[in-house]
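The values are calculated or read from the model by the stated rules, or taken from the named source; none is laboratory data. Since the model is a prediction, treat every value here as computed from it, not as a measurement. In this analysis, Cβ positions are derived from the backbone assuming ideal geometry, glycine residues included, and neighbour counts consider all displayed protein chains. Note: areas computed on protein heavy atoms with side chains; ligands, DNA, RNA excluded. Shrake-Rupley method; radii C 1.70, N 1.55, O 1.52, S 1.80 Å.
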Amino acid sequence: MIGGWKIPFFLAARFLKHGSKWTFSLIVLLMAIAFVNLIFVTALFNGIIESVNNQVIDTHMGHIYIFPPEGSEYIENMDDVSARIKSHGKVRGVSPHLYVPGKLLYKNISGTWQIVAIDPEQEKTVTNVSKKMIEGSYLEKDDTDRIIIGRQIAGGRDVEMNALSFRGARAGESVTLDVGGFRKTFTIKGVFYTRFLDTDKRAFISRKLLDEMVPGMSGVASSMIIRIDKTGDEKKVIHELGEMKIRGKLFAWKEAAGYLDSVTESFIHINTLLTMVGMMIAAITIFIVIYVDLSSRRQQIGVLRAIGIRPSLIHITYILQTLVYSLAGILIGLLVLLQGIVPWMKKHPFEMPIGDAMLVVNYHDLLFRAALVVIVALLSGLIPVFITTKTKILDAIFNR
Amino acid sequence: MNAGPDCMQELIVIDDITKTYRRGDVAVEALKGVSLGIHDGEFTVIVGRNGSGKSTLLYQLGLLDRPDSGSIFFEGREVSRIPDRHRRHLRLAYLGYIFQDYALISELTALENVMVPAMMLKNRADAREKSKGLLERVGLGARLNHLTRQLSGGEQQKVAIARAMVNDPRVIIADEPTSNLDSIAARDVLDTFKMINNEHGHAIVMVTHEQEETVYAKKLIRLSDGRMQ
């Protein structure tokens with residue numbers, strides 16, 4: 001039959017052009033909301049996961065963590081090892097850490113915290129602790145009688161671990177480091193707050209001081225942390241560093257911070273669950289709206305059948321309309337999301353105990369959810385039309 | 001009756017058909033063994049009171065419904081039991097149906113309503129030309145691009161007539177085409193039917209309960225309580 005295939009396009013275009021603008025707007029709006037809802041939850045969880053990951057990398061251990069080689073307590077010749085690691089093209093910074101096994105005493109409070117001797121300048125190339133000072137200032141290389149402490153050590157009213165902390169130690173006050181009876185008093189140079197608990201339970205002193213205090217420890221490190229150019233390249237760089245015969249056990253941050261991996265895994269599971277629920281709600285909502293809209297067109301479908309239009313062409317007519325609804329909804333949803341919600345959230349992130357969470361929208365999630373909205377809409381459109389083209393023509397025309 | 005030589009002379013033959021509807025728990029016998037023949041170019045008027053089975057008979061003639069028993073022949077071929085797709089093609093190419101309430105598609109203009117069935121058989125340009133010509137013929141040349149809701153009842157009925165004619169059917173079937181119209185519009189529509197019958201040679205089967213409209217009939221069929229009188 002000549003030209004029959006053009007009828008769906010002809011009819012769909014006219015139905016959309018001359019149909020109720022309110023109905024069109026309402027359906028498109030609902031599609032947009034369903035789409036944004038599907039993306040928002042995922043994007044938020046992506047943001048939380050990314051925030052946790054970034055906190056681990058940026059404040060605690062960089063991308064790659066080196067433990068001493070098997071059987072050794074320390075990484076020897078750390079300057080040499082550092083230099084060799086830095087020579088790798090993708091390495092942006094290396095910072096050796098030496099853990100000081102001691103207690104900190106403040107007034108009449110004492111506590112065992114992780115005290116790390118660092119080269120302040122090298123540490124800056126890996127972590128951003130230097131930028132997270134909430135009081136006082138960051139360490140300098142020659143600060144031999146200064147210490148910076150995390151907010152969880154300093155304590156204070158709103159601090160999570162206040163009960164175990166110094167309950168309000170301030171920059172400028174003194175603390176004493178007790179290492180096996182050997183004591184040294186430091187001035188608190190600054191307090192940092194990274195919002196990553198494990199980092200905020202640390203205190204940093206200058207490596208230069210430690211080398212002066214314990215010359216035998218000079219040149220050794222308990223661990224080394226490495227920042228590379230791009231997150232995700234860890235495995236590759238570890239492999240290449242292994243080929244450079246770097247001595248020590250090299251781990252990507254995800255492996256080294258295994259417990260955090262389980263936290264992010266939990267977030268991923270919750271995200272999957274919420275996404276599935278969101279998808280079901282979106283699917284049901286879209287189905288109801290499209291179903292109601294097309295059910296009200298039974299008479300129209302009956303008339304088209306009565307005048308001899310092929311059922312397959314009628315199906316395509318309404319599928320095309322539903323396709324336009326869903327694509328318009330997705331487009332509006334994308335505009336609202338990418339031009340409105342995401343930039344707003346960038347300026348006003350969710351402040352969480354682990355860090356600021358923004359919306360992280362990735363191409364794969366967008367595509368998957370857009371496809372889902374389209375498929376649900378098409379099915380929702382096809383089912384009532386299919387049913388109507390299977391009922392008796394007169395029942396459809398007279399809406400019986 | 002069978003599809004023998006007599007049937008071949010007639011366009012549509014209805015042979016002893018019955019049809020029973022259910023309304024809730026009640027069975028309504030709408031047609032109780034009706035037989036009739038429609039000849040090419042004939043203007044047939046079916047009259048009867050409300051509930052006499054006129055519309056039910058028309059649905060059978062228009063292949064919009066199937067009888068419970070009996071047969072329907074179109075040009076000698078039994079069509080009451082053929083597959084839907086074949087009945088659809090007959091409706092498209094050989095039958096033009098005009099509903100009592102016009103059954104136009106409100107989102108389409110007068111011209112587009114007429115074009116739709118034509119586009120199944122012709123390319124769009126030809127369908128447009130043909131539809132335009134028909135609408136001009138029924139006096140709607142100035143209303144081509146009006147949506148049907150912008151037209152009066154009489155004008156809408158004329159659009160429905162043009163739609164029924166657009167594929168040059170052998171027979172046009174009209175279910176009380178004037179029942180929703182005032183007397184002037186009704187006369188106008190009936191004159192249009194007369195013109196179609198005279199000039200185009202389409203057979204017309206029209207149902208009415210207006211006695212005065214029977215004057216247009218070359219053949220008059222009276223239905224009462226599901227039976228022909």
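Go through region A:317-400 and name the chymotrypsin sites (Phe, Trp or Tyr not before Pro) that are in a DSSP coil and have 16 or fewer other Cβ atoms within 10 Å of their Cβ. Hits after loop and neighbour filter: A:Phe398.
Between A:Asn46, A:Asn108, A:Asn37, find the one with the highest GNM mean-square fluctuation for chain A; connect C-alpha pairs within less than 10 Å. Its mean-square fluctuation being the largest, the pick is A:Asn108. At q = 0.09, 0.10, 0.11, 0.16 Å⁻¹ the log10 of I(q)/I(0) for chain B amounts to -0.36, -0.44, -0.54, -1.12, computed by Debye summation with a single uniform scatterer per C-alpha, solvent ignored.
Our compactness index for the protein assembly as shown, the C-alpha radius of gyration over the empirical 2.2 N^0.38 Å, is 1.65.
Taking the helices alone, the protein assembly as shown has a mean residue ellipticity at 222 nm of -13500 deg cm²/dmol, built from -39,500 (n - 2.57) per DSSP H run of at least 4 residues and averaged over all its residues. With everything on Cα atoms, drop me the angle between helix A:21-55 and the longest principal axis of chain A, reported from 0 to 90° to the nearest 10. Roughly 20 degrees between the two axes.
Length available on full extension from A:Leu367 to A:Ile288: 0.36 nm per residue minus the Cα-Cα distance, which gives 26.1 nm.
Look at the dipole of chain B built from charges on Cβ: of B:Asn50, B:Ala110, B:Gln156, the Cα furthest out on the positive end belongs to B:Ala110. Other residues within the sphere of radius under 13 Å centred on the Cβ of B:Lys32, judged by their own Cβ, net out at -2 (K and R +1, D and E -1). Among the trypsin sites (Lys or Arg not before Pro) in region B:1-106, those located in a DSSP loop and surrounded by at most 13 other Cβ atoms within 10 Å of their own Cβ are B:Arg49, B:Arg81. Once the dipole of region A:172-322 is set up with Lys and Arg at +1 and Asp and Glu at -1 on Cβ about the Cα centre, which of A:Ile288, A:Phe186, A:Ile307 lies farthest towards its positive end? The listed residue farthest towards the positive side: A:Ile307. Looking at chain A, the accessible area is 47 square angstrom per residue; that uses a 1.4 Å probe and ignores ligands, DNA and RNA.
If R0 is 60 Å, the Cβ-Cβ spacing of B:Thr214 and A:Gln339 corresponds to a FRET efficiency of close to 0.30.
Residues considered: B:Val171, B:Val207, B:Val215. Largest GNM mean-square fluctuation over chain B, using C-alpha springs under 10 Å, is found at B:Val215. Measuring gaps between exposed loop sites in chain A (GluC sites (Glu not before Pro); DSSP loop; at most 10 other Cβ atoms within 10 Å), the longest gap, sites not included, is A:74-400. Working from label points 7 Å from Cα in the Cα-to-Cβ sense, the A:Thr144 to A:Thr272 distance is 5.7 nm.
Restricting attention to chain A, close to 80% of DSSP beta bridges with both partner residues there are antiparallel. The alpha carbons of region A:1-159 stretch over 89, 45, 29 Å along the principal axes, in descending order. Its Cα centre serving as origin, region B:99-192 has a Cβ charge dipole (Lys and Arg +1, Asp and Glu -1) of approximately 360 debye.
Ranked from largest, the principal axis spans of the Cα set of region A:314-374 equal 55, 18, 15 Å. Could you run the Karplus curve 6.51 cos²θ - 1.76 cosθ + 1.60 with θ = phi - 60° over region A:223-228 and give me ³J(HN,Hα) per residue in whole Hz, x for Gly and Pro? So the J values, rounded to whole Hz, are 7, 9, 10, 10, 9, 10.
Evaluated with a Cβ-only charge set (Lys, Arg +1; Asp, Glu -1), region A:2-91 carries a dipole of roughly 1380 debye about its Cα centre, given to the nearest 20. Measure nothing fancy, just the Cα-based angle from helix A:7-18's long axis to the longest principal axis of chain A, in degrees from 0 to 90, nearest 10. Roughly 80 degrees, rounded to the nearest 10. Under a model in which nothing but the beta-carbon of Lys, Arg (+1) and Asp, Glu (-1) is charged, chain B shows a dipole of about 460 debye around its Cα centre.
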